[in-house]
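Scroll down for the structure; my scribbles are underneath it.
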Amino acid sequence: MWTKAVCTEAMLNETRLIEAAATKMMQLNKSKYTFACLLASVFAFFAAGTMSSSAIANATDAKIGFVDRERIVRESAPAKRSQAKLEKEFSVRKADLDKLQKQGRDLEITLQKEAVTLPESDRMVKERQLSQITRDFQRIQREYREDFTLRQQEEFVSLQERAQKVIIEIAEKEKFDLILQDVVFFSPRVDITDKVIKALADK
(Lines give C-alpha, C1' and ligand atoms only; values in the text may rest on other atoms or scores of the structure.)
Protein backbone atom coordinates (compact mmCIF):
# COMPACT_ATOMS: atom_id res chain seq x y z
CA MET A 1 0.00 0.00 0.00
CA TRP A 2 2.78 2.34 0.97
CA THR A 3 4.82 1.32 -2.04
CA LYS A 4 1.91 2.09 -4.33
CA ALA A 5 1.54 5.54 -2.77
CA VAL A 6 5.27 6.19 -3.11
CA CYS A 7 5.18 5.20 -6.76
CA THR A 8 2.19 7.43 -7.38
CA GLU A 9 3.95 10.36 -5.68
CA ALA A 10 7.07 9.74 -7.71
CA MET A 11 5.07 9.69 -10.91
CA LEU A 12 3.42 12.98 -9.94
CA ASN A 13 6.79 14.55 -9.20
CA GLU A 14 8.15 13.37 -12.54
CA THR A 15 5.10 14.81 -14.32
CA ARG A 16 5.59 18.15 -12.56
CA LEU A 17 9.25 18.17 -13.59
CA ILE A 18 8.35 17.45 -17.21
CA GLU A 19 5.70 20.21 -17.21
CA ALA A 20 8.14 22.68 -15.63
CA ALA A 21 10.77 21.78 -18.20
CA ALA A 22 8.25 22.19 -21.02
CA THR A 23 7.15 25.58 -19.67
CA LYS A 24 10.77 26.69 -19.40
CA MET A 25 11.37 25.57 -22.97
CA MET A 26 8.34 27.47 -24.25
CA GLN A 27 9.42 30.62 -22.42
CA LEU A 28 12.90 30.28 -23.86
CA ASN A 29 11.54 29.78 -27.38
CA LYS A 30 9.18 32.72 -26.93
CA SER A 31 12.06 34.93 -25.80
CA LYS A 32 14.11 33.84 -28.80
CA TYR A 33 11.16 34.55 -31.11
CA THR A 34 10.60 38.00 -29.55
CA PHE A 35 14.30 38.78 -29.82
CA ALA A 36 14.32 37.66 -33.45
CA CYS A 37 11.32 39.87 -34.24
CA LEU A 38 12.96 42.80 -32.48
CA LEU A 39 16.17 42.25 -34.38
CA ALA A 40 14.28 42.06 -37.67
CA SER A 41 12.48 45.30 -36.84
CA VAL A 42 15.79 47.02 -36.10
CA PHE A 43 17.25 45.81 -39.39
CA ALA A 44 14.09 46.93 -41.25
CA PHE A 45 14.27 50.36 -39.61
CA PHE A 46 17.89 50.91 -40.58
CA ALA A 47 17.24 49.54 -44.07
CA ALA A 48 14.33 51.96 -44.52
CA GLY A 49 16.50 54.79 -43.26
CA THR A 50 19.23 53.85 -45.69
CA MET A 51 16.73 53.71 -48.57
CA SER A 52 15.21 57.06 -47.61
CA SER A 53 18.64 58.65 -47.39
CA SER A 54 19.50 57.16 -50.77
CA ALA A 55 16.23 58.41 -52.28
CA ILE A 56 16.84 61.90 -50.88
CA ALA A 57 20.39 61.86 -52.22
CA ASN A 58 19.14 60.80 -55.66
CA ALA A 59 16.43 63.49 -55.61
CA THR A 60 19.03 66.09 -54.65
CA ASP A 61 21.26 65.03 -57.52
CA ALA A 62 18.40 65.20 -60.05
CA LYS A 63 18.38 68.12 -62.47
CA ILE A 64 14.95 69.78 -62.26
CA GLY A 65 13.49 72.62 -64.33
CA PHE A 66 10.33 74.72 -64.23
CA VAL A 67 8.34 76.38 -67.04
CA ASP A 68 5.79 79.15 -66.37
CA ARG A 69 2.91 78.30 -68.71
CA GLU A 70 1.17 81.68 -68.24
CA ARG A 71 4.30 83.55 -69.35
CA ILE A 72 4.52 81.36 -72.44
CA VAL A 73 0.93 82.29 -73.36
CA ARG A 74 1.49 86.00 -72.66
CA GLU A 75 5.03 86.63 -73.85
CA SER A 76 6.08 84.08 -76.46
CA ALA A 77 6.27 85.13 -80.10
CA PRO A 78 3.89 82.38 -81.33
CA ALA A 79 1.30 83.47 -78.74
CA LYS A 80 1.51 87.10 -79.89
CA ARG A 81 1.26 86.02 -83.54
CA SER A 82 -1.81 83.91 -82.73
CA GLN A 83 -3.49 86.84 -80.99
CA ALA A 84 -2.81 89.15 -83.93
CA LYS A 85 -4.07 86.47 -86.32
CA LEU A 86 -7.34 86.10 -84.40
CA GLU A 87 -7.91 89.85 -84.21
CA LYS A 88 -7.45 90.14 -87.97
CA GLU A 89 -9.63 87.10 -88.65
CA PHE A 90 -12.53 88.47 -86.59
CA SER A 91 -12.02 92.18 -87.28
CA VAL A 92 -14.87 92.45 -89.83
CA ARG A 93 -17.37 90.68 -87.59
CA LYS A 94 -16.24 92.77 -84.63
CA ALA A 95 -16.74 95.98 -86.65
CA ASP A 96 -20.24 94.87 -87.70
CA LEU A 97 -21.09 94.06 -84.10
CA ASP A 98 -19.84 97.44 -82.87
CA LYS A 99 -21.83 99.18 -85.61
CA LEU A 100 -25.04 97.38 -84.63
CA GLN A 101 -24.44 98.21 -80.98
CA LYS A 102 -23.99 101.91 -81.80
CA GLN A 103 -27.15 101.85 -83.91
CA GLY A 104 -29.15 100.47 -81.02
CA ARG A 105 -27.63 102.95 -78.55
CA ASP A 106 -28.41 105.94 -80.84
CA LEU A 107 -32.01 104.78 -81.30
CA GLU A 108 -32.42 104.37 -77.55
CA ILE A 109 -31.12 107.91 -76.96
CA THR A 110 -33.52 109.25 -79.59
CA LEU A 111 -36.47 107.54 -77.90
CA GLN A 112 -35.50 109.00 -74.54
CA LYS A 113 -35.12 112.53 -75.90
CA GLU A 114 -38.31 112.48 -77.96
CA ALA A 115 -40.46 110.48 -75.55
CA VAL A 116 -42.84 113.41 -75.02
CA THR A 117 -42.95 115.00 -78.49
CA LEU A 118 -42.82 111.82 -80.61
CA PRO A 119 -46.23 110.65 -81.90
CA GLU A 120 -47.44 107.39 -80.42
CA SER A 121 -47.33 105.51 -83.74
CA ASP A 122 -43.75 106.67 -84.48
CA ARG A 123 -42.66 105.82 -80.97
CA MET A 124 -44.04 102.29 -81.27
CA VAL A 125 -42.26 101.81 -84.60
CA LYS A 126 -38.94 102.94 -83.10
CA GLU A 127 -39.43 100.73 -80.04
CA ARG A 128 -40.01 97.73 -82.30
CA GLN A 129 -36.88 98.64 -84.24
CA LEU A 130 -34.91 98.89 -81.00
CA SER A 131 -36.21 95.48 -79.83
CA GLN A 132 -35.21 93.91 -83.14
CA ILE A 133 -31.75 95.50 -83.04
CA THR A 134 -31.28 94.29 -79.46
CA ARG A 135 -32.21 90.72 -80.38
CA ASP A 136 -29.97 90.77 -83.45
CA PHE A 137 -27.09 92.19 -81.44
CA GLN A 138 -27.40 89.54 -78.71
CA ARG A 139 -27.56 86.72 -81.26
CA ILE A 140 -24.62 87.98 -83.32
CA GLN A 141 -22.59 88.70 -80.18
CA ARG A 142 -23.21 85.18 -78.86
CA GLU A 143 -22.16 83.62 -82.18
CA TYR A 144 -19.12 85.87 -82.32
CA ARG A 145 -17.99 84.90 -78.82
CA GLU A 146 -18.53 81.17 -79.44
CA ASP A 147 -16.56 81.24 -82.70
CA PHE A 148 -13.79 83.39 -81.22
CA THR A 149 -13.46 81.13 -78.16
CA LEU A 150 -13.29 78.03 -80.37
CA ARG A 151 -10.55 79.52 -82.55
CA GLN A 152 -8.71 80.76 -79.47
CA GLN A 153 -8.69 77.23 -78.04
CA GLU A 154 -7.39 75.84 -81.34
CA GLU A 155 -4.54 78.34 -81.35
CA PHE A 156 -3.81 77.58 -77.70
CA VAL A 157 -3.56 73.83 -78.38
CA SER A 158 -1.21 74.54 -81.28
CA LEU A 159 0.95 76.77 -79.03
CA GLN A 160 1.01 74.09 -76.33
CA GLU A 161 2.22 71.47 -78.81
CA ARG A 162 5.01 73.71 -80.05
CA ALA A 163 6.03 74.64 -76.50
CA GLN A 164 6.03 70.96 -75.50
CA LYS A 165 8.41 70.10 -78.32
CA VAL A 166 10.75 72.93 -77.37
CA ILE A 167 10.72 71.91 -73.69
CA ILE A 168 11.56 68.30 -74.60
CA GLU A 169 14.39 69.48 -76.86
CA ILE A 170 15.85 71.60 -74.04
CA ALA A 171 15.44 68.75 -71.54
CA GLU A 172 17.27 66.28 -73.78
CA LYS A 173 20.00 68.73 -74.77
CA GLU A 174 20.74 69.92 -71.23
CA LYS A 175 20.19 66.52 -69.54
CA PHE A 176 17.23 67.45 -67.33
CA ASP A 177 15.72 64.66 -65.23
CA LEU A 178 12.41 66.43 -64.64
CA ILE A 179 10.65 69.58 -65.91
CA LEU A 180 7.52 70.82 -64.11
CA GLN A 181 4.85 73.32 -65.11
CA ASP A 182 2.17 73.53 -62.40
CA VAL A 183 3.73 73.80 -58.93
CA VAL A 184 3.00 75.62 -55.68
CA PHE A 185 6.53 77.01 -55.35
CA PHE A 186 9.67 77.09 -57.45
CA SER A 187 13.09 78.65 -57.11
CA PRO A 188 14.32 81.06 -59.82
CA ARG A 189 17.35 78.75 -60.07
CA VAL A 190 15.26 76.10 -61.83
CA ASP A 191 13.16 78.46 -63.99
CA ILE A 192 13.87 77.84 -67.68
CA THR A 193 10.90 79.85 -69.03
CA ASP A 194 13.14 82.44 -70.66
CA LYS A 195 14.96 79.68 -72.57
CA VAL A 196 11.65 78.28 -73.79
CA ILE A 197 10.38 81.72 -74.88
CA LYS A 198 13.63 82.40 -76.72
CA ALA A 199 13.54 79.01 -78.45
CA LEU A 200 9.89 79.55 -79.46
CA ALA A 201 10.79 82.84 -81.12
CA ASP A 202 12.64 80.87 -83.78
CA LYS A 203 9.76 78.43 -84.39
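Expressed as a whole percent, the accessible area of segment 91-203 that falls on carbon and sulfur atoms is 53 (1.4 Å probe). For segment 60-130, a crude dipole built from +1 on the beta carbon of Lys and Arg and -1 on the beta carbon of Asp and Glu, taken about the Cα centre, is about 360 debye to the nearest 20. As a calculated quantity, the FRET efficiency between R74 and V190 at R0 = 22 Å, using C-beta atoms, amounts to about 0.65. Of the cross-linked pairs K175/K198; K80/K175; K175/K195; K94/K198; K173/K198; K80/K102, those separated by over 26 Å at the C-alpha level are K80/K175; K94/K198; K80/K102. If the segment from D98 to E143 were pulled out straight at 0.36 nm per residue, it would be longer than the present Cα-Cα gap by 14.8 nm. Give the Debye-formula value of log10 I(q)/I(0) at each listed q (0.13, 0.21 Å⁻¹), with one equal scatterer per alpha carbon of segment 51-159, two decimals each. The computed values of log10 I(q)/I(0) come out as -0.72, -1.07.
Classify segment 136-180 as rounded, prolate or oblate, taking a ≥ b ≥ c as the square roots of the eigenvalues of its Cα gyration tensor: rounded when a/c is under 1.5, otherwise prolate if a/b is larger than b/c and oblate if not. Prolate, because a/c is 1.5 or more and a/b exceeds b/c. Here V92 sits with roughly 100 square angstrom of accessible surface, probe radius 1.4 Å.
The values are calculated or read from the model by the stated rules, or taken from the named source; none is laboratory data. If you're wondering where the values come from, they're calculated on a predicted model, not measured in any experiment. Positions of Cβ are backbone-derived with ideal geometry, glycine not excepted, and every protein chain shown enters the neighbour counts. Protein only, heavy atoms only, side chains kept; ligands, DNA and RNA dropped before computing areas. Shrake-Rupley method; radii C 1.70, N 1.55, O 1.52, S 1.80 Å.
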